[in-house]
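A short reminder: the numbers here are calculations on the coordinates, not readings from a lab. Treat the numbers as computed from the prediction; the structure is a model and nothing was measured. Cβ: placed from backbone, ideal geometry, glycine included. Neighbour counts: every protein chain shown.
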Amino acid sequence: MNIKWRLLASGSLQEQPSLDGWQQLLSAGGQESWFDIIQAGSEELRSFLEQLGLHPLQIARCVDASNDPGVITFGETLLMEYPTAFDAGSGEPGYLSIIIKPSVLITVRHGSLPALDELEKELAAPAAPLLRHLPQILYLILDQFADLNVNAQINIREQILHLSKKLADHHASVNASDLSGLRWEVDKLVSLIENQLYCVSGLRASDAKVLQESHRKTFIQDLISEAEVAQRGVYRLENRLNNLYNEYQMAGSDLVEKRLRFLTIVSAITLPLGLIAGLLGMNVGGLPGTAYPFGFVVVILLMPVALYLGIWAVSQITEALDGQVRELTVLKVENHLQQQLFRKAAQLDLAFFETPTFYDQFTLARNQSYRVQNVYYQFTAIAQNIITAIALFTLLGRISLWIPAILLLATLPRLVGVMYFTRRKADLYMKNVPEQRLTGYLSWLMGTRGDQGDPLVSNP
């Protein structure tokens, strides 16, 4: 076990060459000491802490290898287990057990803490800040690790920016493993900052006498402010990373869509050619052109012409029939709708015509009646889309049954969103009907009841 003993005297830390006389000095009081314990064994650490008169629970927490972030106060002694930073090669954070009581500060390192070594060098330098009490040293220690969080956030921010640029320039150069590794780093940093904020909040809530003075509480409040700022910053990084991951998935979906579109075009081209090749390849007698030497060339030349003429003829016939059917359907739907509106109005009592709610519904039905005519167009579009989807899913299903299933699941969020916002759009139309009726009524009063308008409106 390696213990560094420093005395706080005349505003600076004075490192002692040995531990001789430390117990007598603490018993006499008057000077404040900082003990930094490095690479301590369990029994050695327990023996040293017992000489300080600590509570057994505090000693057990310091000796226990499984550290949990938090603050424990017993009498005038405060114990805080503070997570410092994650090791680059492991998923476990390093911990610093901090014990503070009147005239004594003890730091027990659990793992490598080079940041604390740098702080000790800075405090021992000639240009070191003036040190007045031990809570100030505690503040400097925690602030040193808070600076590490800032550097980690800057590093992650640069990595996100680099991946975002790579994704924009060349999507294939970004791998899912890159995003997964970056997400792991962000999750570790989120956990670390949340635990640190929990620890410094425990300092503020502690009733330890050594932290009760107002100017010492100012240091703790500053630490809490830094931890809260770091927490908001890492949450923003988490959101940016989630957005980057969504962009990566969208780019991947676009690439898959392009490949599927190419496969669909290739299938549409090869299917007719396969059919024709099957017909011409039948080994039966009576096939035309078998005795003609240029029969194969003629068939090859006639194939695209026949295909074009067939497609053109079918499209012309379908367009003509579609136009006639649409016109007749629109007229029939419009006549039926007007008949239903007038029939409903004739059946109602006169009291309904004096109710604003009825007028709102009646006006909305009359103004939006043209939308019913679109039912036919929507039905034909749905029918076409269903036929296209069946053909596409049939082709893709021959490759793998998972592809149609994934495509169907991918469309469910959009279906839910369309249903939700269509309902909101209908509610908005209904909500604006009274204003529309009022505007129409005022327009009728001012402009269509004669050249002078209504006297009650023109001359109020």
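If each residue of separation counts as 0.36 nm, what is the full-extension length gain between Ala205 and Glu50 once their alpha-carbon separation is subtracted?
That works out to 53.2 nm of additional length.
How many nm is it between the label spots at Leu25 and Arg183, if each spot is 7 Å from the Cα in line with the beta carbon?
Rounded to a tenth, the inter-label distance reads 5.3 nm.
What spacing in nm lies between the two simple spin-label points modelled at Thr218 and Arg343, each 7 Å away from Cα in the Cβ direction?
Roughly 8.5 nm, to one decimal.
Going by average Cβ density within 10 Å per residue, which order do the peptides 135-142, 251-258 take, highest to lowest?
Highest mean packing first, the order is 135-142, 251-258.
Compute the length gained on full extension between Asn239 and Leu260: take 0.36 nm times their separation in residues and subtract their Cα-Cα distance, giving the result in nm to one decimal.
Full extension from Asn239 to Leu260 adds 4.4 nm.
Expressed in nm to one decimal, what extension gain is obtained for the pair Leu442 and Leu401 from 0.36 nm per residue of sequence separation less their Cα-Cα distance?
8.6 nm
Report, in whole Å, the centroid distance computed from the Cα atoms of the range 133-183 and the range 17-89.
The range 133-183 and the range 17-89 have Cα centres separated by 32 Å.
Mind checking which aspartates and glutamates have their C-alpha under 16 Å from Lys332, skipping anything on the same chain fewer than 8 residues away?
Cα-Cα hits under 16 Å: Asp322.
Quick one: net charge of Gln14's neighbours, Cβ under 14 Å, K/R +1, D/E -1?
Summing Lys/Arg as +1 and Asp/Glu as -1 gives -2.
Kindly state, to the nearest 0.05, the FRET efficiency for Thr422 paired with Glu76, given R0 = 51 Å and r defined as their beta-carbon distance.
According to the calculation, E is roughly 0.15.
Sorted by packing (mean other beta-carbon atoms within 10 Å per residue), highest first, where do 72-79, 110-117 land?
Highest-to-lowest ranking by the protection proxy: 72-79, 110-117.
Of the cross-linked pairs Lys188/Lys209; Lys101/Lys188; Lys4/Lys188; Lys121/Lys166; Lys258/Lys425; Lys166/Lys188, which ones have a Cα-Cα span greater than 29 Å in the structure shown?
Over 29 Å Cα-Cα: Lys188/Lys209; Lys101/Lys188; Lys4/Lys188; Lys121/Lys166; Lys258/Lys425.
All other residues with a Cβ under 14 Å from the Cβ of Tyr420 taken together, and with Lys, Arg as +1 and Asp, Glu as -1, what is their net charge?
Around Tyr420, the surrounding residues sum to +3.
If the cut-off is 14 Å between C-alpha atoms, which aspartates and glutamates fall inside it for Lys217, apart from same-chain ones fewer than 8 positions away?
Asp207
Quick one: which of 144-156, 190-202, 415-427 comes out on top by average Cβ neighbours within 10 Å, and what's the full order, highest first? Provide the component values of the computation, followed by the final result.
Working: 144-156: 16.1, 190-202: 19.2, 415-427: 10.1.
Going from most to least packed, we get 190-202, 144-156, 415-427.
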